[in-house]
Amino acid sequence: MTNADRKLGPSGGRTPAFSLALVIIVGMLSIGLLARWIDSRRPPPDPDLQEEQLYLTSNAAKRMSLGFNGLVADWYWMRSIQYVGRKILNAPQNVQLDDLGQLNLRLLAPMLDIATTLDPEFMDVYEYAAVVLPAIDAQEAIRITRKGIDANPNAWRLYHQLGYIYWQRGDFSLAGDIYGQGASIAGAPAWMQAMKARMAAEGGSRTTAREIYVHMYEQSREDKVKEMARLRLMQLDSLDDQDAIRKILAAYKTRTGRCPQSWTQVTPALRLAQLPADASGAPLDPTGVPYILLTKQCDVELDHRSIIPR
């Protein structure tokens with residue numbers, strides 16, 4: 001029998017094995033083409049629904065960590081940072097870390113909750129929750145921070161973070177009580193007790209805000225939180241600058257009956273107020289960017305190039 005005869009069946013056709021292989025190949029090609037056709041007509045997926053399928057409940061994650069709780073907590077912590085980072089990058093405009101309410105961060109609280117369930121002593125996560133979550137879900141921010149206090153009753157920093165949340169919400173009385181509770185813990189710094197008194201006296205003042213952000217900057221171990229505190233401190237300095245500049249502009253209008261049309265017209269007063277200025281006489285914000293003079297309104301504003309929060 002020749003090689004050609006071996007490839008043919010009894011009646012001279014192809015063997016059953018060859019026919020079966022041909023049917024399988026044609027079938028796979030058909031399935032592939034059909035799948036491509038369906039995908040091309042499928043509505044775009046909802047990224048939020050896809051995201052929600054990626055994560056477990058905190059108790060389920062703890063059961064499945066197989067004793068590697070710290071490692072899995074680190075993983076959820078890093079995913080939280082990446083999750084927020086992606087949202088910020090895709091945002092239509094610049095947003096600050098403590099003002100992310102406009103972003104759809106529905107998974108952030110569950111991820112931070114899982115990380116703290118897996119590692120109840122994960123202080124960086126509690127701090128991040130206290131700074132970021134209030135603008136997204138204040139109740140979750142409070143719950144997770146109180147969860148940290150329950151697990152770490154001697155950690156005075158958690159009282160500072162919880163006091164910060166209530167201060168942001170304008171509840172100065174409760175914020176003062178929280179700072180007072182933290183101040184009673186062994187090893188707590190003296191400024192915790194001072195913050196209690198300041199909340200009662202001038203909770204909504206810039207002085208109080210500056211003190212909170214200074215301590216946050218000094219105490220935080222999380223770089224993003226430190227950067228947020230630094231920007232907020234520059235914002236407070238800029239607000240003080242703008243108040244001083246407005247007084248100078250108002251005094252000029254009272255004296256001349258019109259608004260100054262350039263910074264050079266009020267240069268002596270700016271120097272007297274010890275406001276730094278560039279070579280043209282324009283006062284500089286804390287980042288070194290010149291302020292904008294609004295000549296029709298006798299007012300001042302930040303330049304759009306400045307990174308200082310509005």
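A short reminder: the numbers here are calculations on the coordinates, not readings from a lab. Here the structure is a predicted model, which means the values were calculated and not measured.
Structural remarks
- From phi via Karplus (6.51, -1.76, 1.60), per-residue ³J(HN,Hα) for region 154-162 in Hz, x at Gly/Pro: 9, 8, 5, 4, 5, 5, 4, 5, 5
- Here region 175-235 was treated as a single set of alpha-carbon atoms; its pair distances binned every 5 Å from 0 give 4, 19, 25, 22, 20, 8, 1 percent.
- Cα gyration tensor category, rounded, prolate or oblate, for region 51-230 with a/c compared to 1.5: oblate
- Taking amide H atoms as placed 1.01 Å from N in the peptide plane, the amide H of Val300 lies under 5 Å from those of Leu294, each 5 or more residues away in sequence or on another chain.
- Residues whose placed amide H lies under 5 Å from that of Ala277, excluding near-sequence neighbours: Leu284
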